[in-house]
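Heads up, the thing below is written out as structure tokens.
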Number of protein chains: 2
Amino acid sequence: MTIGEAAAASGVSAKMIRYYEEIGLLPAAARTAGGYRVYGERDAHALRFIRRARDLGFPVERIAELLALWRDRTRASADVRKVATGHIATLRARIVELQGMVRTLEHLAAHCHGDARPDCPILDDLAEGPRDTVRRDHHG
Amino acid sequence: MTIGEAAAASGVSAKMIRYYEEIGLLPAAARTAGGYRVYGERDAHALRFIRRARDLGFPVERIAELLALWRDRTRASADVRKVATGHIATLRARIVELQGMVRTLEHLAAHCHGDARPDCPILDDLAEGPRDTVRRDHHG
DNA sequence: TCTGGGGCTTCCCATGGTGGGAAGGTCAAG
DNA sequence: CTTGACCTTCCCACCATGGGAAGCCCCAGA
């Protein structure tokens, strides 16, 4: 398989495959006499694994851990779950952050006339900072 | 005010102040004879504005729009609200994405023994792809 | 066997914000 | 005038991805 075929078979772009090899997420691929990278089914499988892990938002660093666990048949499922739950916590924290922003913005937008007049609590808030009730408590 | 004082007064690092100037978010600061940037209260005010907008997750591009509206006393509040609601939509979309990941991961983690045994549905899912009920539908 | 063109190679650049650090100049207090 | 804190610019890094250029490889078709 060429890198293009591996890309098509895995959903990971050729660019990214080379990048993953460069940063050591993947072992260096075998090469043809002419220098072309060659991939097998096993490689394509690993690439699909990576692709799915990325779709679930795992950073490359965690994916490396997951790949190592995957390849280690003596792994403990507890170790895998630890990686997963840690990632869940990270995602949840991010969600909470974003929800806080949304809450504040909704509050501000709700109090903005949204017409031709220039006065606007959104700008007032950005300019003068937190003054009233519902504020950036989520931030601390 | 030196850049360090402006940074302390606004919560924006000196590095970032220079960066914002470089990308045109801020006008070039006045300079002393020796080349030091000089800031006034007005500048500090704008920096605090930027800081708060960033805390609300606005990308620099949107902040530029907000700053322009802020400085334009003939603005329509509707324009401000449009920027805000657009950003809210972006944030919400991101939240939905993250929630989808969390949902999938929770489902997988719940079915993982989490003990010393090696078999693990989390790895199975990453390796073999979506098979059962609760899947990455959120993704499409 | 030659040729064409599509795919491959490496290398550099950009994104978006942020930080770190080096080399050198400035400023204000003493 | 010295000293040391602060400023200047410039480069590098992160994370993950894409774009593009210059040049080489490979195979199908003539």
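Some notes on this structure:
- Residue match in the range B:15-37 (condition: under 30 Å from A:Arg117 (Cβ atoms), acidic (Asp, Glu) and either within 12 Å of another protein chain (Cβ to nearest Cβ) or within 16 Å of DNA strand C (Cβ to nearest atom) (or both)): no
- Among residues of the range A:86-122 being among the basic types (Lys, Arg) and within 7 Å of chain B (Cβ to nearest Cβ), the one that is surrounded by the fewest Cβ atoms within 10 Å (Cβ to Cβ) is A:Arg117.
- Take the conditions (1) in contact with a Ser or Thr (Cβ under 9 Å, 6 or more places away or on another chain); (2) on the phi > 0 side of the Ramachandran plot; B:Gly35 misses just one of them, which is (1).
- Close pairs from the range A:25-43: first farther than 10 Å from A:Ile3 by Cα, partner aromatic (Phe, Trp, Tyr), Cβ under 6 Å, at least 6 apart: A:Leu26/A:Tyr20
- Subset of the range A:54-85 (residues that are more than 7 Å from chain B (Cβ to nearest Cβ) and either in contact with a Gly (Cβ under 8 Å, 6 or more places away or on another chain) or surrounded by 14 or more Cβ atoms within 10 Å (Cβ to Cβ) (or both)): A:Arg54, A:Phe58, A:Val60, A:Arg62, A:Ile63, A:Ala64, A:Glu65, A:Leu67, A:Asp79, A:Lys82, A:Val83
- Residues of the range A:21-35 classified as loosely packed, with under 15 Cβ neighbours inside 10 Å and of a type in the set (D, E, K, R), total: 2
- Candidates A:Thr2, A:Thr74, A:Thr104 - the one that is within 16 Å of DNA strand C (Cβ to nearest atom), more than 26 Å from B:Thr104 (Cβ to Cβ) and among the hydroxyl-bearing types (Ser, Thr, Tyr): A:Thr2
Here's the yes/no breakdown for (1) within 24 Å of the chain's Cα centre (by Cα); (2) exposed (fewer than 13 other Cβ atoms within 10 Å of the Cβ); (3) near DNA strand D (Cβ under 7 Å from one of its atoms); (4) under 16 Å from B:Glu61 (Cα atoms):
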{"site": "B:Ala8", "(1), (2), (3), (4)": "yes, no, no, no"}
{"site": "B:Ala14", "(1), (2), (3), (4)": "yes, no, yes, no"}
{"site": "B:Tyr19", "(1), (2), (3), (4)": "yes, no, no, yes"}
{"site": "B:Arg37", "(1), (2), (3), (4)": "no, no, yes, no"}
{"site": "B:Glu41", "(1), (2), (3), (4)": "no, yes, no, no"}
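Yes or no, residue by residue, for (1) under 17 Å from A:Ile122 (Cα atoms); (2) outside any helix (DSSP H, G or I):
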site: B:His45; (1), (2): yes, no
site: B:Gly57; (1), (2): yes, yes
site: B:Arg62; (1), (2): yes, no
site: B:Asp79; (1), (2): yes, no
site: B:Ala89; (1), (2): yes, no
site: B:Glu97; (1), (2): no, no
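Taken together, the values in this text are just the output of simple stated rules run on the coordinates, not laboratory data. None of the values given here were measured: they were computed from a predicted structure. Note that each Cβ is placed from the backbone with ideal geometry, even for glycine, and that neighbours are counted across all protein chains shown.
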